[in-house]
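Here the structure is laid out as structure tokens; the discussion comes afterwards.
Only the coordinates and a few stated rules stand behind these numbers; no lab work does. The shown structure was predicted, so the numbers you read here are calculated from the model rather than taken from an experiment. Glycine gets a Cβ as well: all are built from the backbone with ideal geometry, and neighbour counts include every protein chain shown.
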Amino acid sequence: MTGFRRSALTAVPFLAATVAYAGLFLWSYDRLPERIATRFSADGAADDYMSRAAALWLGCAVLVGLGLLFTVLTSAAGKSTGARLNAAVGVGTAVTLGYPLILTVLVNRDIQDPAAAELPLWHVAVLLTGGVAAGALAWRLMGAGPHPEPSPPAPSLPLAEGEAAAWSRTVVSRALLFPAGAVAAVGAFTAVSGNRWAGLLPLVLGLACSAFAGVRVTVDRRGLTVASTVLPRPRLALPLGSIVDAGSVQVSAMGDFGGWGYRIRPGRRGVLLRSGEALSVRTSGGREYVVTVDDSTTAAALLNGLADRHARKSD
Amino acid sequence: MLFRVLPGSPVPLGEQIAACVRGAIADGTATPGERLPSAREVADSLGVNVHTVLRGYQRLRDEGLIELRRGRGAVITSAPGGAGRARLTEAVHGLVSQARELGLTDQEVLTLVDNVLGSAPVTTGPDRDD
């Protein structure tokens, strides 16, 4: 599937939902009450209202905005597996949002008092099932992309008998650190100047994110360890005995893993703070672990050397 | 940063650790501003005493190659000419070990260096900056 067709597959459901929603809204504009019911409680009764124009603009803005976001993400992911997941989630989102928006217009038609509008709860089951089904269909239509080629393992660093060797390097993501720091600062400011509890959540969230904006990657007699530079745990640890071989690869965070952070893909896990050079480790469990870090060739060579020596010793 | 030490070697472990960092600065593998792992981390990784690692780090600080700051750990100096300094220090280590092999006394080595210093013209230029 070409890049254009992948992006189109993501954009079309959002476009269709927007056209259907706006078309239906405008066509039945005069049959809608001045203020329409836009939120419904569990028993189906309306419990929040919005003016007609505001509801129309808000609905269109949400659909168009998310449509643009998912289309851009899908086209940015290119040919890789991330594009497939992006498109599937995007299509599912379009259905899950478009269905209740259109339904809201329908239940508000031809009534005088918006409080009379009703939206039974079973529609939630329909929209969730519909969203999942549409997402699954998009997943099938996209088809699996070409499988990533296994990278050739790096040469093994020869180690003398009794020699102790270790490699360590930090990788800091400024792209993650600055927004996380800003969120924490906003939270701290709110907590100090205004609502104590409203500020607490962004503060904790911002601090937790900035703690993982910098990680230290260590290769030593214990194997591979990836941990935050400030917190001892949680950490990713692969003991030498579980390591088959290591190599240096080029990865695209968005393209190969669909984003940044700790990512899980079928048979592949990664700690991605950026795109580019990464250390790739294959384990005896058949999994590949990828960690973005500079000078990964040295790390891979040392890991191979240590794993070889460990295997010789345990024989 | 790659650390390799051989516990059986006649060279003290702290000196071996310092040599690893010095070599990395000299050949550009370690860049100015890069943070070294803490002494405790290196000690755990290599299975050596933390004081041994600290001795190595202090040696590097005395040579003007790293900065040791409380709380921030060890950072490769960002002062200009760090790589050149590291290469020069390596050369001095080479000079000393060669002199030892030849059986020269410390005084003889110092006189040798002093004589060369005395006859070499003093130049200050952009050469220092690399």
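Could you give me the ³J(HN,Hα) list for region A:158-168, computed from phi with Karplus coefficients 6.51, -1.76, 1.60 and θ = phi - 60°, whole Hz, x at Gly and Pro?
3J(HN,Hα) across region A:158-168, in whole Hz: x, 10, 6, 5, x, 6, 9, 9, 8, 10, 8.
Fewest Cβ neighbours within 10 Å first, please rank A:167, A:197, A:139 accordingly.
Going from least to most buried by this count: A:197, A:139, A:167.
Mind listing the phi-derived Karplus ³J(HN,Hα) values for region A:34-39, rounded to whole Hz, using 6.51, -1.76 and 1.60 with θ = phi - 60°, and x for any glycine or proline?
4, 10, 10, 6, 10, 9
Just to check I understand the Karplus step: with θ = phi - 60° and J = 6.51 cos²θ - 1.76 cosθ + 1.60, what whole-Hz values come out for region A:88-99, glycine and proline as x?
Taking θ as phi minus 60°, the curve returns 5, 5, x, 5, x, 5, 4, 5, 5, 8, x, 4 Hz for region A:88-99.
Where does helix A:174-193 land angle-wise versus the long Cα axis of chain A, in degrees 0 to 90, nearest 10?
The two axes meet at around 60 degrees.
What is the set of long-range amide H partners of residue B:73 at a cut-off below 5 Å, with H atoms built 1.01 Å from backbone N?
Answer set, sorted by chain and number: none.
Most fluctuating residue of A:256, A:110, A:294 in a GNM of chain A with Cα springs under 10 Å: which is it?
Highest fluctuation of the listed residues: A:110.
With contacts defined as alpha carbon pairs under 8 Å and 6 or more residues apart, what's the relative contact order of chain B in percent?
Answer for chain B is 24 percent.
Just want the ordering: A:40, B:3, A:4, from fewest to most Cβ atoms lying within 10 Å of their own Cβ.
Lowest count first: A:4, A:40, B:3.
Give me the angle, in degrees from 0 to 90, between the Cα long axis of helix A:122-142 and the longest principal axis of the Cα atoms of chain A, rounded to the nearest 10.
50 degrees
Work out which GluC sites (Glu not before Pro) in chain A are exposed loop sites (DSSP not H, G, I, E or B, at most 15 other Cβ within 10 Å) and give the longest gap free of them.
Here the longest run is A:162-315.
Specify the residue with the greatest mean-square fluctuation among A:15, A:103, A:238, computed from a Gaussian network of chain A linking alpha-carbon atoms under 10 Å apart.
Taking springs between Cα atoms under 10 Å, the residue moving most is A:103.
Only Cα pairs under 8 Å and at least 6 apart count here; give the relative contact order of chain A as a rounded whole percent.
Dividing the mean separation by the residue count of chain A yields 16 percent.
Measuring from centroid to centroid over Cα atoms, what is the spacing of region A:247-303 and region A:57-121 in Å?
Here the two parts' Cα centres lie 34 Å apart.
Name the residue, out of B:53, B:116, B:42, whose mean-square fluctuation peaks in a Gaussian network model built on chain B with Cα pairs under 10 Å.
The residue with the greatest mean-square fluctuation here is B:116.
Among all helices in chain B defined by DSSP H, which have a length of 24 Å or more along the axis from Cα atoms plus a Kyte-Doolittle mean of at least -0.5?
Answer set is B:82-102.
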